[in-house]
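Take a look at the structure below.
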Amino acid sequence: MEYETISKPDVDSLAVRPNLDDYEGIRSGFDYERVIDELDGLPGGGLNIAYECLDRHVAAGRGDKACILWDGKDGRQETYTYADMAKLSNQFANVLRKLEVEKGSRVFVFMDRIPELYAAAFGTLKAGCIIGPLFSAFGPDAIKDRLEDSGASVLVTTPELKAKVHEIRGDLPALKHLIIASHNEPPEVDDGELSWNDLMADASEEFDIVQTAPDDPAIMHYTSGTTGRPKGALHVHKAVLGHYATGKYVLDFHEDDIYWCTADPGWVTGTSYGMFAPCTNGVSSVIYEGGFSASKWYEVIQKYKVTVWYTAPTAIRMLMKAGDEVPKKFDLSTLRYTMSVGEPLNPEAVVWSEKAIGLPFHDNWWQTETGSIMIANYPVMPIKPGSMGRPMPGINPGIIDEEGNEVATGEEGDLAVRPGWPSMFRTYWNREEMYDSRFKNGWYITGDRARKDADGYFWFVGRADDVINTAGHLVGPFEVESALLEHPAVAEAGVIGKPDPVAMEIVKAFVSLKEGYEPTDELKRELRRFSRERLGPGIAPREIDFIDTLPKTRSGKIMRRLLKARELGLDEGDTSTLEDD
Ligand code: PRX
């Protein structure tokens, strides 16, 4: 079905004039390097993301402004000003100094969305260390892979989550300090643990930020590929230019905005757009600790008078499912701008949101590796529902063929971006070769397939690989297969993404059993429970099928493509590399 283009609003009629009021004009004269002129830089030289996010506002007399409006699961509401966050992060930086954690060390957080998470992340950056966030729903195997690979020496977690860490701590010799933080009572700590509250109580609120250079590493997010375990995409302090500029031009931040990013900091959207973009632009952010519920979410918008909202297609589809009557019960009139990222946004969702909440969702595209938004719909541009929009100023994407040459307008190819933007990842931790393999003929190859139309709008087609996108989170099939293989009954496992109307894809596993095991429903349930415990509910397979043998290439690689084709009843394609019976 063809969807009508949503016409461009008259800029002068908008209540707030967009920062990007002339797309062509701003794009043509844009030099990403000059964005630094709008930031402050560290006093005495250098660049540090945390300084640009917090202390520069304090230095400019904006310290009393609300930085975080925290809405706890238990109904508590707390406000943290920019000055509060600057002090808390200074304290945590002092904690790291006292523990003799050196510049460049990896400090990971494995926490729910409590204020301490934000203090730890900013404090880590101030201490010149690399912050690595882990999603709080991860299971022990998922945590272990990431901590082991990164060689993290510090982990901050909570009393509720620490049991998962203790299961694997013996496998992590590099992990020197386990800090337990609680937003409730001061935590009771066991042997081998440190209390956040005790450490912070002794730490000064003053800290001289480590003089990090623009190209010093700052943050790392693990992301899934087709082969091997998740890889750590490493970003540097200079990425803050991208966070700031996209915050200004894509999220269209203005001084009085109350912003809500629904993503968890365990994923890159929750750091780039849950922390760095809003803070560098000095707006106030709602941090909602709770989970999804349609009425709860609308209530958050009403309660905090949210003006700018950034969320994801799965959530939007769940809101659609909850029905048009629910938003009518709330006052959503403060909203002026809504955006979506992480998965293809169905055109129906754009049309629905215009009707149900009075605003269309603006889709945008980027990935862990790009660090900030690359392609977007903007307030001043017509929206073509189903399209990801047009390139951010300073970003040059293209659609290329296998040789790395641009294809004709309208043709499908690999979505690629000309390297060199400030928030581009600088390596995959310890996997330089894999990093190099992502570049070809002067392009960074994103792993997505797409098309560009005659108006310069980009349209997502699909992934070029077997990576699964479930509810906006990438899952590598290898990680799930490895966990299943740890179960004594499993001989082989092949994992695919099965299309799903709400989550886009769900993780589905095909399992063959070892001699002596019966393919019963009970065993299926046992395998589901086993993998959920090892990996966490977001990664573990939602569906499991038993099959006698898995289709493999002659070299023994499981043909996930074929499993998927069979599951969907599609043409099985070229099977010439299948093993002989
Ligand atoms: O396949 C694309 C999909 O999500 C991938 C990036 O996921 P991740 O590295 O976890 O980064 C999350 C931050 C956005 C992309 O390679 N994706 C992201 N945005 C869109 C999308 N697919 C379609 N449309 C989008 N707007």
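Every number in this text was worked out from the coordinates using simple rules, so none of it is lab data. Everything numeric here is computed off the predicted structure, so don't read it as measured data. Here the Cβ positions follow ideal geometry from the backbone for every residue, glycine too, while neighbour counts run over all protein chains shown.
Where nothing but the Cβ of Lys and Arg (+1) and of Asp and Glu (-1) is charged, how large is the charge dipole of the chain around its Cα centre, in debye to the nearest 20? Write out the running numbers ahead of the final one.
Numbers: 63 positive and 94 negative charges, 88 e Å.
That gives a dipole near 420 debye.
Roughly how many debye, to the nearest 20, is the charge dipole of the stretch 44-106 about its Cα centre, given +1 on each Lys and Arg Cβ, -1 on each Asp and Glu Cβ, and no other charges? Don't jump to the answer; show the numbers that get you there.
Working: 10 positive and 9 negative charges, 29 e Å.
Computed charge dipole of the stretch 44-106: roughly 140 debye.
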Original post:
Using θ = phi - 60° and the Karplus form 6.51 cos²θ - 1.76 cosθ + 1.60, what ³J(HN,Hα) does each residue of the stretch 362-374 get, whole Hz, x for Gly and Pro?
Top reply: 9, 7, 9, 10, 6, 8, 3, 5, 7, x, 8, 5, 9
Original post:
Amide H to amide H, which residues 5 or more places from Ile375 or on other chains are under 5 Å from it, using H placed in the peptide plane?
Top reply: Trp365, Met392
Subject >> Distance (nanometres) between label positions extended 7 Å along Cα→Cβ at Asp190 and Lys98 >> reply: 2.4 nm
Subject >> Listed residues Leu155, Leu568, Met318: farthest to the positive end of the dipole of the chain (Cβ charges) >> reply: Met318
Original post:
Ranked from highest to lowest mean number of other Cβ atoms within 10 Å per residue, what is the order of the peptides 373-385, 57-69?
Top reply: 373-385, 57-69
**OP:** Only residues of the stretch 118-140 count here: report those whose backbone N is under 15 Å from the spot 7 Å along Cα→Cβ of Asp208, or say none.
**Re:** 127-128
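Out of all DSSP beta bridges with both ends in the chain, state the antiparallel percent to the nearest 5. Each step should come with its number before you reach the end.
Working: 51 of 88 bridges.
About 60 percent, rounded to the nearest 5.
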Original post:
For the stretch 468-568, max minus min Cα coordinate along each principal axis, in Å, sorted largest first?
Top reply: 38, 32, 20
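Considering Cα pairs under 8 angstrom that are at least six residues apart, work out the relative contact order of the stretch 296-368 and quote it in whole percent. Present the calculation step by step, with values, prior to reporting the outcome.
On the way: 93 pairs, mean separation 25.2, N = 73.
It comes to 35 percent, rounded to a whole number.
Going by average Cβ density within 10 Å per residue, which order do the peptides 426-437, 85-96 take, highest to lowest?
Numbers: 426-437: 14.9, 85-96: 25.4.
Ranking the peptides 426-437, 85-96 by packing returns 85-96, 426-437.
Can you tell me which of 280-286, 567-573, 445-451, 555-561 comes out highest on packing, and rank the rest after it, using the mean Cβ neighbours within 10 Å? Don't skip to the end; give the middle numbers.
Working: 280-286: 23.6, 567-573: 10.9, 445-451: 19.1, 555-561: 15.3.
Ranked from most to least packed, the peptides come out as 280-286, 445-451, 555-561, 567-573.
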Original post:
Which is farthest toward the positive dipole end of the stretch 420-556 among Gly497, Ile468, Phe458, measuring Cα position about the Cα centre, with Cβ charges +1 (Lys, Arg) and -1 (Asp, Glu)?
Top reply: Phe458
Subject >> Point-to-point label distance, Ser295-Asp215, nm (Cα→Cβ direction, 7 Å offset) >> reply: 5.6 nm
Original post:
All other residues with a Cβ under 12 Å from the Cβ of Glu343 taken together, and with Lys, Arg as +1 and Asp, Glu as -1, what is their net charge?
Top reply: -2
Subject >> For Ile258, distant residues with modelled amide H under 5 Å away >> reply: Thr307, Val308
Original post:
Under the Cβ-under-4.7 Å rule, which cysteines of the chain stay unpaired?
Top reply: Cys67, Cys129, Cys261
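Once every DSSP H run of n ≥ 4 in the chain is given -39500 (n - 2.57) and the sum is divided by its residues, what mean residue ellipticity at 222 nm do you get, rounded to the nearest 500 deg cm²/dmol?
Working: 18 runs with 152 residues, N = 581.
After summing the helix terms and dividing by residue count, I get -7000 deg cm²/dmol.
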Original post:
What per residue convex hull volume, in Å³, comes out for the chain when only alpha-carbon positions are used?
Top reply: 164 Å³
Original post:
Among the lysines, which have Cα under 25 Å from the Cα of Lys564 when same-chain residues fewer than 8 positions away are ignored?
Top reply: Lys231, Lys498, Lys508, Lys514, Lys524, Lys552
**OP:** Convert each backbone phi in the stretch 117-132 into a coupling constant with the Karplus relation 6.51 cos²θ - 1.76 cosθ + 1.60 (shift: θ = phi - 60°), then list the ³J(HN,Hα) values in order as whole Hz, x for Gly and Pro.
**Re:** 4, 6, 4, 5, 5, 5, x, 4, 5, 5, 7, x, 8, 9, 8, x
Original post:
Once amide H atoms are placed 1.01 Å from N in the peptide plane, what residues at a sequence separation of 5 or more from Phe439, or on another chain, have their amide H within under 5 Å of its amide H?
Top reply: Ile445
Original post:
Of Val480, Pro382, His235, whose Cα points farthest to the positive end of the dipole of the chain (charges on the beta-carbon: +1 Lys, Arg; -1 Asp, Glu; origin at the Cα centre)?
Top reply: Pro382
**OP:** Please turn the phi angles of the stretch 476-490 into ³J(HN,Hα) values with the Karplus equation 6.51 cos²θ - 1.76 cosθ + 1.60 (θ = phi - 60°), one per residue in order, whole Hz, x for glycine and proline.
**Re:** x, x, 4, 4, 6, 4, 4, 5, 4, 5, 6, 7, x, 7, 8
**OP:** Using only alpha carbon pairs under 8 Å that are at least six residues apart, calculate the relative contact order of the stretch 1-94 and give it in whole percent.
**Re:** 16 percent
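Which whole-number percentage describes the relative contact order of the chain, with Cα contacts under 8 Å and a sequence gap of 6 or more?
13 percent
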**OP:** Taking the Cα centre of the stretch 468-568 as origin, work out the dipole magnitude from +1 charges on Lys and Arg Cβ and -1 charges on Asp and Glu Cβ, in debye rounded to 20.
**Re:** 380 debye
